[in-house]
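The values are calculated or read from the model by the stated rules, or taken from the named source; none is laboratory data. All of these numbers come straight from a predicted model, not from anything done at the bench. Virtual Cβ from ideal backbone geometry, glycine too; neighbours counted across all protein chains shown.
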Amino acid sequence: MSATSDRSPARAVAQAVEYRIRPSHPGAHLFELSCSVPGPDPAGQVFSLPAWIPGSYMIREFARNIVRLWAQADGRPCTIDKLDKHTWRAAVPAGTRVLTVHYEVYAWDLSVRTAHLDTTHAFFNGSSVFLAVAGRTATPCVVTIERPVGDAFRDWKLITTLPAEHGKPGGPCHFGRFRAADYDELIDHPVEMGLFTRARFTAAGVPHDIALSGRHDCDLERLCADLERICAWQIEFFGAPAPVDHYVFLTMVVGEGYGGLEHRASTALLCSRADLPWKGMDGLPDGYKSFLGLCSHEYFHTWNVKRIKPAAFTPYDLARENHTRLLWAFEGFTSYYDDLALVRSGVIGVDDYLGLLGKTIASVMRGSGRLKQSVAESSFDAWTKYYRQDENAPNAIVSYYAKGALIALALDLQLRAGSAGELSLDDVMRLLWRRHGCTGIGVPEDGIFAAVREVGGERLGARLARWLQKAVEGCEDLPLARLLRPLGVTLRAQAAASAPVLGIKLAAGSGEAKVANVHDDGPAQAAGIAAGDVLLALDGLRIASAKGLEDMLGRRRVGDEATLHLFRRDELMSMRVVLAAAPLERYELKLAARAAAGAMRLRRGWLGR
């Protein structure tokens, strides 16, 4: 018998790295954890905590939340030393069978990226709480998840897509033991605990849950019906079977909030209470469309970035930045398909979709950063620029999400028009799925261009691959109006307002007229107004709010001079400004009243109707 044949399930579990996690002090926001390693490295066992979480491209230093940490060898105290900001090495006495590290993690970040704990609920991503064991990251892991101690928590439930040690995917919400094939799987299944609301629907034969934590009046029947159509469309888009046996939308409901982070079989979401549907809701409010778009975006990531991923992410190095110039494809193309999935699945109408597309165009055209930074550069610099935006961001960076979505649109339209509707970006995505998503082979830095070339063929594909490379590496505006015309869609730019403007954006919720951004080449920049200034008066009249300033400007004309009084730090200043016309920041897309049969055919292929 070979040495590798004696690997029964019992033996594999016995050699697993064992974790235990419990919300030990919800009022103090503390999790208590342990990590037990059988047969530790006799030269000293090294442990580390990731510095970032996949999907959120910024070094976050999760180890800073570890409050205290100590080690035991077979139950006896042993030395453990910190080697750097997120790495420790424990001394291993001779003959040690099991080394255990105990530690506490402070969890008070109400976001989708880390961990949050209070007396109402608990949430964590594995990357912010589970130590990695050097040399054992490919080893199976078992984790015991416990509820907090006390009668106040006896009704708490748990939901996660982390497989239970015994049971089927999507089973009851019980605390207990869960398993993972390796460390990468362990940290890719977020966990929610508390008194959440759970609803279920089935899409393409796959059970899906949505768990809502926080107070809400959500119409769960409506939400499930809409999500079922979106998820079923996406599964059909890439082809059944889906790459998951069970999927969960973990949703924290708050007064104001928005965000999402993808995982291999779930997503963590943060949403505003008002954005959820309610019983008796009329129409499709913008907030609900936004929430559905967020769900669609994170669900599309199940294929595009969790399985079709850049070669730079195979495998992830969670100790440092993983640079790639391809986020315009993985986030941008996903941002294109998130809203497109809504209209193709029939959840929203064509006019709704064109309105959403107009907002995406406006978001790109509003900032002069699009003329200075390419989406390839924005992708590479995500770690230091896109995820660390400051007051000058609109003038210095471009969103690889938004402009990446417009590049996807432009590419899709050209593939459709150039092939008389026979080809589209859909074919490129499916090729990437077959070649990379199904195989685990990372996409090389030129892989998207190669896929376009292959799908389009010798003439069309080669031309569009060259166009795409120029579009992602350059800073030119895209000719969207011209590309939409063959599909019978018109695009028109309009000024955001008829009143003159200062060329600034005020900070929201500050209770004062505080300048957040000063736009390039506007009146405010020419006058010397800076971010952080607090505007007090215009021509001697008090500025009480952003609405008050807007009303004042509405009584003036382009070219008028005005005096602004403001505080910079604690110094009162007076500045003269010359008011300018509002820039073109509204983009309206409409279906042509009369369109040729060919245009109608292309449009139906694009929008699904």
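Listed here are the residues, each with its yes/no results for (1) within 29 Å of R485 (Cα to Cα); (2) of a type in the set (F, W, Y); (3) buried (at least 19 other Cβ atoms within 10 Å of the Cβ).
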| position | (1), (2), (3) |
| --- | --- |
| Y400 | yes, yes, yes |
| A410 | yes, no, yes |
| G421 | yes, no, no |
| V428 | yes, no, yes |
| R435 | no, no, no |
| T439 | no, no, no |
| G442 | no, no, no |
| R453 | yes, no, yes |
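Show the residue pairs meeting these rules: Cβ distance below 6 Å; 6+ apart or different chains; first residue within segment 255-271 and closer than 17 Å to K309 by Cα; second residue of a type in the set (A, V, I, L, M, F, W, C) and at pLDDT below 95.
Qualifying pairs under 6 Å: none.
Just name the residue that is nearest to D520 (Cα to Cα) out of those in segment 378-388 that are surrounded by 18 or more Cβ atoms within 10 Å (Cβ to Cβ) and in contact (Cβ under 8 Å) with a residue 60 or more places away in the chain.
Of everything passing the filter in segment 378-388, Y386 is nearest to D520 (Cα to Cα).
Got a sec? Which of R492, R416, R435 is touching a residue at least 60 places away in the same chain (Cβ under 8 Å) and not in a strand (DSSP E or B)?
The conditions single out R416.
Does A481 qualify as being free of Cβ contacts under 8 Å to residues at least 24 places away in the same chain and either part of a helix (DSSP H, G or I) or in contact with a Lys or Arg (Cβ under 7 Å, 6 or more places away or on another chain) (or both)?
yes
Six or more apart or on different chains, Cβ atoms under 8 Å: show the pairs whose first residue is in segment 320-334 and touching a residue at least 40 places away in the same chain (Cβ under 8 Å) and whose second is surrounded by fewer than 24 Cβ atoms within 10 Å (Cβ to Cβ) and among the charged types (D, E, K, R).
T324/E445; R325/E377; R325/E445; L326/E445
Criterion first (assigned to a loop (DSSP other than H, G, I, E, B), farther than 19 Å from Y386 by Cβ and over 21 Å from the mean Cα position of the chain (by Cα)) does G346 satisfy it?
yes
Could you grab me the full set of residues in segment 521-543 that are surrounded by fewer than 16 Cβ atoms within 10 Å (Cβ to Cβ) and either part of a loop (DSSP other than H, G, I, E, B) or β-branched (V, I, T) (or both)?
D521, G528, A530, G532, D539, G540
Given the conditions (1) small (G, A, S); (2) more than 30 Å from F237 (Cα to Cα); (3) without any contact (Cβ under 8 Å) to a residue 40 or more places away in the chain; (4) assigned to a helix (DSSP H, G or I), report the number of the one that A451 does not fulfil.
With (1) small (G, A, S); (2) more than 30 Å from F237 (Cα to Cα); (3) without any contact (Cβ under 8 Å) to a residue 40 or more places away in the chain; (4) assigned to a helix (DSSP H, G or I) applied to A451, the lone miss is (2).
Here are L83, L49: which of them is of a type in the set (A, V, I, L, M, F, W, C) and either crowded, with 20+ Cβ neighbours inside 10 Å or within 22 Å of A268 (Cβ to Cβ) (or both)?
After ruling out the rest, the residue left standing is L49.
Output the residues belonging to segment 301-335 that are farther than 23 Å from W383 by Cβ and not β-branched (V, I, T).
The one that is farther than 23 Å from W383 by Cβ and not β-branched (V, I, T): W303.
Tell me which residues, restricted to segment 40-88, are under 25 Å from the mean Cα position of the chain (by Cα) and either in a loop (DSSP other than H, G, I, E, B) or at pLDDT below 95 (or both).
L49, P50, A51, W52, P54, G55, Y57, M58, I59, R60, E61, H86
Just to check your reading of the model, which residue among G440, G461, G447 is of a type in the set (G, A, S), assigned by TED's automatic domain parsing to the domain that holds S368 and touching an Asp or Glu at 6+ places or on another chain (Cβ under 7 Å)?
Selected residue: G461, the only one of G440, G461, G447 that is of a type in the set (G, A, S), assigned by TED's automatic domain parsing to the domain that holds S368 and touching an Asp or Glu at 6+ places or on another chain (Cβ under 7 Å).
This table checks each residue for (1) crowded, with 23+ Cβ neighbours inside 10 Å; (2) among the β-branched types (V, I, T); (3) outside any helix (DSSP H, G or I).
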site: H189; (1), (2), (3): no, no, yes
site: I210; (1), (2), (3): yes, yes, yes
site: E228; (1), (2), (3): no, no, no
site: P241; (1), (2), (3): no, no, yes
site: L261; (1), (2), (3): no, no, yes
site: C271; (1), (2), (3): yes, no, yes
site: G287; (1), (2), (3): no, no, no
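Which is in the same structural domain as M58 (by TED's automatic domain parsing), touching a residue at least 24 places away in the same chain (Cβ under 8 Å) and assigned to a strand (DSSP E or B), of V92, V101?
V101
Say whether the condition of being surrounded by fewer than 17 Cβ atoms within 10 Å (Cβ to Cβ) and either assigned to a helix (DSSP H, G or I) or more than 14 Å from the chain's Cα centre (by Cα) (or both) is met by at least one residue in segment 305-313.
Among the residues of segment 305-313, at least one is surrounded by fewer than 17 Cβ atoms within 10 Å (Cβ to Cβ) and either assigned to a helix (DSSP H, G or I) or more than 14 Å from the chain's Cα centre (by Cα) (or both), which makes the answer yes.
So G283 clears everything in (1) small (G, A, S); (2) at pLDDT 95 or above; (3) more than 16 Å from the chain's Cα centre (by Cα) except one condition, right? Which one?
Tallying (1) small (G, A, S); (2) at pLDDT 95 or above; (3) more than 16 Å from the chain's Cα centre (by Cα), G283 fails exactly one: (2).
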